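For reference, the structure is listed below as structure tokens.
The values are calculated or read from the model by the stated rules, or taken from the named source; none is laboratory data. All values reported here derive from a predicted model rather than from experimental measurement. Cβ atoms come from the backbone with ideal geometry, glycine included; neighbour counts cover every protein chain shown. Just the protein is used for accessible areas: all its heavy atoms, side chains included, with ligands, DNA and RNA removed. Shrake-Rupley method; radii C 1.70, N 1.55, O 1.52, S 1.80 Å.
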Amino acid sequence: MTRLTGFIDGLNERLGRVVSWLALLMVVVQFIVVIQRYVFGIGSIWMQESIVYMHGMLFMLAAGYTLLHNGHVRVDVFYREATPRRKALTDLFGSLFFLLPMCAAIIWLAWPYVSSSWSILEGSKETSGIHGVYLLKSVIIAFAVLVALQGVSLALHSLQILSGQETPSDETPPDIV
């Protein structure tokens, strides 16, 4: 069990760190687009579309990383003050009955959408745009798989905490003010 959770946590950790560089790249590309357009009068649809691609990939592929680091918004007002055992029960229940079924539904519903895009190798509507819309749509499936994997890891960590084989992490979600 520890090997599996280590693999999943490591995968999302590495992927999250790599994908986070897209935020900087998006700023640089946006800066170049603005300079080209307003200083030199040059437009680049490909560069403008690349910002949309990077934005989508950044948020979709880093969702598992965010779950790993407890960064998603929690609606549970009792979670913050709960005991480690109660938090583990909440995480286990939430993963098994909400998170994993939602990821399965996303995969199930997105599959026809993504596969039809792949069947025609869907590209940009613009002639000089990025002709890889099918790749961008595939990120929906990758998102659901990565979040589901992290949900499995969260459930396994919760089981280990409940059985006393693991101590709870000190990492707490950021306070929302």
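Cβ-Cβ contacts under 6 Å between residues 6 or more apart (or on different chains), taken from a first residue in the stretch 149-171 that is more than 24 Å from residue 107 (Cα to Cα) and open to solvent by 40 Å² or more (accessible area, probe 1.4 Å) to a second residue that is outside any loop (DSSP other than H, G, I, E, B) and at pLDDT below 90, are listed as 168/84.
Every residue, every condition in (1) in contact with a Gly (Cβ under 6 Å, 6 or more places away or on another chain); (2) at pLDDT below 95, yes or no:
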site	(1), (2)
77	no, yes
94	no, yes
105	no, no
131	yes, yes
135	no, no
145	no, no
167	no, yes
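Do we have any residue at all in the stretch 67-77 that's among the charged types (D, E, K, R) and closer than 23 Å to residue 13 by Cα? Within the stretch 67-77, one or more residues are among the charged types (D, E, K, R) and closer than 23 Å to residue 13 by Cα. I need a count of the residues in the stretch 75-95 that are in a loop (DSSP other than H, G, I, E, B), surrounded by 11 or more Cβ atoms within 10 Å (Cβ to Cβ) and over 25 Å from the mean Cα position of the chain (by Cα). Residues meeting the conditions: 1. The one condition from (1) over 30 Å from residue 76 (Cα atoms); (2) touching a residue at least 12 places away in the same chain (Cβ under 8 Å); (3) open to solvent by 60 Å² or more (accessible area, probe 1.4 Å); (4) not in a loop (DSSP other than H, G, I, E, B) that residue 128 does not meet is (4). Output yes when any residue across the stretch 117-125 is β-branched (Val, Ile, Thr), under 27 Å from residue 48 (Cβ atoms), surrounded by fewer than 16 Cβ atoms within 10 Å (Cβ to Cβ) and at pLDDT below 95, and no when none is. No, the conditions are met nowhere in the stretch 117-125.
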